[in-house]
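Got a structure for you, written out below as structure tokens; questions coming shortly.
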Amino acid sequence: MNPDLAIYAVHAAFWAAFGITQRFVGAGHRATEPAPTTAAPVAARNSRLVMAVHFVAFGVMYMGVGSAVIPRRVPAWFSGQRIAGTLIIALGAWLMCWGLVYFRSWRFRAQLDAGHELATGGPYTLVRHPIYAGLNLLALGTAVWVPTLLTWIAVLLMVVGSDLRGRAEEGVLREAFGDAYREYCARTRRFVPGLY
């Protein structure tokens, strides 16, 4: 039996957690603290283009996993790399689901609907983009478990894609919420608490 096939089950659990959370608590949106709201729908410029980087990252990641796991060529960097990878992926799933439960809003494109409220509590006190941070952790955990050139390239692409998407959203949020959003950005990092 190939123990590395379990990475597919871990990924399935990651996506199931996200999908189930989105299905049962992701309808609509809310903020638990008073916050400014937008008056009209607004979409970020180039939001579809920057999404493409994430799609490429996923393609490279799953190609890297398949090319190492199926033929049983997963490099062994340290004992416990499967456990470490699983824990990192689980942390990413937890962060993404917490973001959905707290704010109940997620879209493929960087866009704000009329009445969109600014979320600054819950996971948004840790990072500005918990869902993208969760995707970064998914890629990182995968590369720790299956440390190949392709999976590490996927980590780089995922981080770049998250950064581009985050910046696109931030432009729209800055325009919609002004000083309230600038103050939030001054105290909250984009992806890594206290660092970046």
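Name the pairs: first residue in region 142-157 and farther than 12 Å from ILE89 by Cβ and touching a residue at least 60 places away in the same chain (Cβ under 8 Å), second residue of a type outside the set (Phe, Trp, Tyr) and not in a helix (DSSP H, G or I), Cβ to Cβ under 6 Å, at least 6 apart or on different chains?
PRO147/PRO75
Out of VAL172, VAL146, which single residue is more than 10 Å from the chain's Cα centre (by Cα) and at pLDDT 95 or above?
Only one candidate passes the filter, namely VAL146.
Next question. Inside region 125-196, counting only helices (runs of 4 or more DSSP H) that do not spill past its ends, which hold 2 or more residues that are surrounded by fewer than 15 Cβ atoms within 10 Å (Cβ to Cβ)?
Answer list for region 125-196: 149-177, 179-187.
The values are calculated or read from the model by the stated rules, or taken from the named source; none is laboratory data. Here the structure is a predicted model, which is why all the values come from computation and not from measurement. Note that we place each Cβ from the backbone using ideal geometry, even for glycine, and neighbour counts take in every protein chain shown.
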